[in-house]
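Only one structure is covered here, and it is reproduced in the block below.
FYI, it's all coordinate maths here, none of it is from the lab. This structure is a prediction, so every number in the text was calculated from the model and none was measured. All Cβ positions, even for glycine, are placed from backbone atoms using ideal geometry, and neighbour counts span all protein chains on display.
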Amino acid sequence: MGTKYLKPGEKLLYKQRIKAPREISKDELNDLYVQEPNRKLFGVLPIHYLVWLYYKGEKKYDREKFVRKKEAVQKKFDEKIAAIPENKTRKINNLEFKKQKQIRSLDNKIENGNNVMQWGEKLSILDTTAVRLTNERISAYLSSKGYFKNTVAYKIDTLDSQAEVTYIANPGKAYFLDTIFYDIDDTVVNNLVMAHVKKSLLKRGERYDQQKFTQERERLDFLLRDYGYFDFSRQYIAFDVDTSFRADKKVAVKIIIRDPAKRDNHKKFFITEVNFMTDAGINVPGKNRMSRNYHGIHFTYYKDKYNLRILSQRVFLQPGSAYSRSNTFDTQRQLANLDAFKFVNINYDTAGGQFIANIYTSALDRYQWSNEAGVNVTQGYPGPFFNTSFKKRNVFRGLESIDFSGRFGFEGVASATSDQNIYKSTEAGINITMTFPQIIFPLNERTKYGLGNNNPKTKLLIGYAYTDRPEYRRTFATLSGTYSLENKRTTQYSFTFANISLIDTLNTSPDFREFLAEQESAGNFSLVNSFYPSFVTSMIMGMTWNHNNYGVMDKNSVFIRAQLESGGTIWNFVDPGFLSEYDLQHFQYIRVGVDVRRNKVVDKNTVVAYRFNGGLAYPYGSNESVPYEKFFFAGGSNSVRAWRPRRLGPGSFKPNLSADPEANGLFDYNIEKPANILLEASIEMRRKLFGFVDGAIFLDAGNVWTFEPWEKRVNNEVVENGNSEFKWNQFYKELGIGTGFGIRFDFTFLILRFDVGIKVYDPARDDGDRWVLSRAKFFKPFGVNKEPVIYNIGIGFPF
């Protein structure tokens, strides 16, 4: 409990709560506490583990030791710096940087204690001053939400050495906006504001909310700055609020836009000239910059190395046009999106009665080489990888770039032919990607300039990759072309107009050929077709929506990815018969996938994450299959974590029983389960435990299904073995359910994840025997996955 650390007369702030009517936001009220109780284990159990951690660290803390160490560090670096000649500024700066970095670390320990103390929490002792301040905050918050006559009281209940604080908020009746009118002397500004009055955030009949007034001030400020009022600022906007003109809790609001001092109107600014310096920060003695006008823009440079037409498509400032804050920011952002400049600065010169837009950019290095090594996991267990890439910018002076990238890595994966083995899967590949900052298509000039604000790109890729597993080696040769557009940094659209792959499977082992035959006898008749030499073509439409920068844990965010793929469309118009001369399979299919994720921030230490993932792959034509890479799978560290990777489903179809006598009737999960339909959902609560360690508890549900039923055959006779086919009246009974808990080590640059998945509901079992939570066994070697407990190691969050 932590009470043993209390001094006489002190009380542990064990709990606090706010009693308020349902219409008052509890989440916002909870942010008003001045003092917080110590965190509990999993947020519920009354075990203050961080308090124990803090005082454990305090026992070994010697503040004077860090003070002495700081003095020694300062002396050491000062002596080194003094010994270096003054002209060696780079070396001096490097030493000064290292010195300041070490001093900052020591200052932090002097002020806040050692690392263990900082990971923990000091005992939260009841502070009545903080209680009164919280009480005042709650009252002020209610007033800001229109409850001007609110009353807030508090009471402190004590039991032994613990204290519980309860705040009782009585908001009273809310005040509502009744009359809204404007007081704007400048007629032109008044007409502009009235033309956009429907977008006002202050509306008659709505409850008074101070936050809406702040947002309305920002809206009006942005509106005027977007229509030429360069020197307008929020200080000109005021609100006159009258709550006394009626007795029935009504509010009259006068919105005032004042004129500038010594002027009877606001000046509207029109751009007289646009200057673009492409090599700012460079000075070549004895040489003047060249200049050229293009599309109303005056370009200056020492060397003519950029396509001015492409640059001008990303500039939305034109002579004669009114100043626009949005156009200025969009120009800055779209020029930065070209991946050609270190910086993009835009300023305006108002001297001499002119209004000149000046754009300054400085080029990135034309050549860039990068290497990356790390740990990766895609299907099973982590393994090392090495990436290398070389980029050349502005290849043909049109701001194109070409990337050469190579990858080599391996990881542990579960055997496809045995339930016991984990072996090395090696992956390697090389890609060449050419990126153009425009849509390569015969579009008219007006359309190209219209697309400039959507970061248009065309990517052409040619690549080769192979996967080497003990059972087989699979090679891919790929050629693709993709158009992409972005909308306001939140939404991206892509269209892969050609995606052509030549796939071959070599060196298949006897065990793997037996595995394919076993799959076929178990009902999966189409899988074997995916391992013949294949020629695969497709077109892909994709959309990604990223609201509030999904993945950042300090605010609510949403991520949606949707994809529609049409495979083998060309064979609807061209006879694929010539492929048979080369013993190549072809595929025709439609594949749809949707991935929806949401992070909800509960408090500064807790996030709840949700995910829904679904897909459908429908084959048609003569080959009643899709390529192996286009099947859906369930199970694994990024799916339903209580099943091994790719081993859940399909439907309630039963795996073979294990031949191991110690398995006690459990299933043999040695066969991957490719299928055509995927449905899965997850919810996970993530909570900061201490330092860089986070904890999580989760619940996963999902499965995959086929269109055609699998039929298990023994001696050419069909044996009842469950259902693999998707059926509307049955699929919800076939969702595998798993729960579990995990630890995340958040190193900022890398998140290492360890999850324990526990089967709750196994649809492959007979009715009445599917609830298996009570059979969970934790103490089994890693990688032995016959029991309903699965250990997962992953990189990054699962979703």
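Quick notes
- Highest mean packing comes first when the peptides 638-649, 296-307 are listed by Cβ atoms within 10 Å, giving 638-649, 296-307.
- Given Lys604/Lys688; Lys448/Lys488; Lys69/Lys99; Lys91/Lys342; Lys69/Lys109; Lys392/Lys448, the pairs whose alpha carbons are separated by over 20 Å: Lys91/Lys342; Lys392/Lys448
- A full extension of the chain between Ile751 and Arg513 corresponds to an added length of 81.9 nm, given 0.36 nm per residue minus the alpha carbon distance.
- Spacing of the two label points (7 Å from each Cα toward its C-beta) at Lys777 and Ile697, in nm: 2.6
- Per-residue extension of 0.36 nm, minus the Cα-Cα distance of Glu111 and Lys4, leaves a gain of 36.1 nm for this segment.
- Within region 197-251, trypsin sites (Lys or Arg not before Pro) in DSSP loop having at most 16 other beta-carbon neighbours inside 10 Å: Lys203, Arg204, Arg246
- Efficiency of FRET from Cβ geometry, Lys101 and Ser200, R₀ 51 Å, rounded to 0.05: 0.55
- Summing Lys and Arg as +1 and Asp and Glu as -1 over all other residues whose Cβ lies under 12 Å from the Cβ of Ile180 gives a net charge of -1.
- Förster radius 35 Å - calculated FRET efficiency between Arg333 and Lys40 (Cβ-Cβ, nearest 0.05): 0.20
- Length added when fully stretched, Thr388-Met543, from 0.36 nm per residue minus Cα-Cα: 53.0 nm
- Label-point separation in nm, Ser580 to Ile795, each point 7 Å along Cα→Cβ: 4.5
- R0 of 35 Å, Cβ-Cβ distance Phe176-Ala562: FRET efficiency to nearest 0.05: 0.30
- Theoretical ellipticity at 222 nm over the chain - DSSP helices of four or more residues, -39500 (n - 2.57) apiece, nearest 500: -5500 deg cm²/dmol
- Taking 7 Å steps out from each Cα toward its Cβ at Ile282 and Val241 produces label points 5.5 nm apart.
- For region 180-281, chymotrypsin sites (Phe, Trp or Tyr not before Pro) meeting the loop criterion (DSSP other than H, G, I, E, B) and having at most 10 other Cβ atoms within 10 Å: Phe245.
- Taking 19 Å as the cut-off, the amide N atoms of region 242-284 that come nearer than this to a point 7 Å along the Cα-to-beta-carbon line of Lys303 belong to 277-284.
- Karplus 3J(HN,Hα) series, Hz, for region 469-479 with 6.51 cos²θ - 1.76 cosθ + 1.60 (x for Gly, Pro): 10, x, 7, 6, 10, 10, 10, 9, 10, 10, 9
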